[in-house]
Amino acid sequence: MHVELYERIWMWIAGALIVLFLGVIVSTAAAGAIQPPSHIETVDPATLASHPEFSDPKVKTNADGSVTASIVAATFSFTPDPIEVPAGKPVTFRITSSDVIHGFMVVGTNANAMAIPGYVSQFTMTFDKPGEYLIACNEYCGVLHHGMVGKLIVK
Ligand code: CUA
């Protein structure tokens, strides 16, 4: 089959772009620890007030020494606030929302998850540098979305 020169060139360019994009996905997943959501756990947003974990969201140290931070996002704040976690220790964040979709982003780190009503977003992260970090909601959630911030204290 005869393929025109320019068509052949563009086929090679398109093929190269596909390889490049796949390479970016693979390298960021490996080197930047950027992963798609993989934890699927549901929770009834209507009964969060009586939920054993999310009725009183807080940071707690488990029997094995690991740390779990349970967080509820609601228009227009995060609970608890501030969130205090130890430095240099893996912290498992478990985040849900009681109303609409919010974002949970720790500015300056790659901690970034969606807070979705009905679901628990979970990721584990170690903060090596003590200090105060800004938590920002990065999903538009209403008129005060721009003011929906929290504080993470690593010490
Ligand atoms: Cu919550 Cu934007």
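Values for this structure:
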| item | result |
| --- | --- |
| Subset of segment 25-41 (residues that are β-branched (Val, Ile, Thr) and surrounded by 10 or more Cβ atoms within 10 Å (Cβ to Cβ)) | Ile25, Val26, Thr28, Ile34 |
| Scan of segment 113-135 for residues that are within 11 Å of the ligand (Cβ to nearest atom) and open to solvent by 40 Å² or more (accessible area, probe 1.4 Å), ordered by number | Met114 |
| Conditions (1) surrounded by fewer than 17 Cβ atoms within 10 Å (Cβ to Cβ); (2) polar (S, T, N, Q); (3) within 21 Å of Ser66 (Cα to Cα); (4) within 14 Å of the ligand (Cβ to nearest atom): number failed by Asn138 | (3) |
| From Thr92, Thr79, residue being in contact (Cβ under 8 Å) with a residue 24 or more places away in the chain and under 24 Å from Val149 (Cβ atoms) | Thr92 |
| Which numbered condition Ile18 misses (of (1) among the aliphatic types (A, V, I, L, M); (2) open to solvent by 90 Å² or more (accessible area, probe 1.4 Å); (3) within 15 Å of the chain's Cα centre (by Cα)) | (3) |
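The values are calculated or read from the model by the stated rules, or taken from the named source; none is laboratory data. Only a predicted model underlies this, so the values are computations on that prediction, with no experimental measurement involved. Note that we place each Cβ from the backbone using ideal geometry, even for glycine, and neighbour counts take in every protein chain shown. Surface accessibility is based on the protein's heavy atoms, side chains included, excluding ligands, DNA and RNA. Shrake-Rupley method; radii C 1.70, N 1.55, O 1.52, S 1.80 Å.
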